[in-house]
Amino acid sequence: MNCWHCDRPAQGVCRFCGRGVCRDHARSLPHIEALYRNDEGVQKALVVGNALYCGICQPKEDPVEIPQLK
Ligand SMILES: [Zn+2]
Ligand SMILES: [Zn+2]
């Protein structure tokens, strides 16, 4: 796979959209790995601080609401 920006060999893959990026074009963003509720019913997020980001796609800052899965 090559870099989405410059067509050189990609060094990694965007955590958010899956595009390949080389070292020069890689960016980083916090990435929410999982959302869960603790015993008190408080919403918590498990976040990775430095996830690889391509600089093109537009991850939403806030988690999108999804219907309750039961
Ligand atoms: Zn590149
Ligand atoms: Zn991306």
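The values are calculated or read from the model by the stated rules, or taken from the named source; none is laboratory data. From a predicted model like this one, the values you see are computed outputs, not experimental measurements. Using ideal geometry, Cβ is built from the backbone for each residue, glycine included, and neighbour counts are taken over all protein chains shown. Just so you know, the surface numbers come from the protein's heavy atoms only, side chains and all, with ligands and any DNA or RNA stripped out. Shrake-Rupley method; radii C 1.70, N 1.55, O 1.52, S 1.80 Å.
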**OP:** Calculate, in whole percent, how much of the Cα-Cα pair population of the chain lies beyond 14 Å.
**Re:** 63
Original post:
Within a Cβ distance under 12 Å of Val48, other residues only, what is the Lys/Arg minus Asp/Glu net charge?
Top reply: 0
**OP:** Tell me which residues come under 5 Å, amide H to amide H, from Ala51 once H is placed; ignore anything under 5 positions away on its chain.
**Re:** Leu29, His31
Original post:
In whole percent, what relative contact order does the chain give with Cα contacts below 8 Å and a gap of six or more residues?
Top reply: 27
**OP:** Report, to the nearest whole %, how much of the accessible area of the chain belongs to carbon and sulfur atoms, 1.4 Å probe, protein only.
**Re:** 49
**OP:** Using label points projected 7 Å from each Cα along Cα→Cβ, tell me how many nm separate Arg8 and Leu35, to one decimal.
**Re:** 3.8
**OP:** Could you list the trypsin sites (Lys or Arg not before Pro) in segment 1-65 that lie in coil according to DSSP, counting only those with at most 12 other Cβ atoms within 10 Å of their Cβ?
**Re:** Arg23, Lys60
Subject >> the chain: GluC sites (Glu not before Pro) in DSSP coil with no more than 16 other Cβ atoms inside 10 Å >> reply: Glu40, Glu61, Glu65
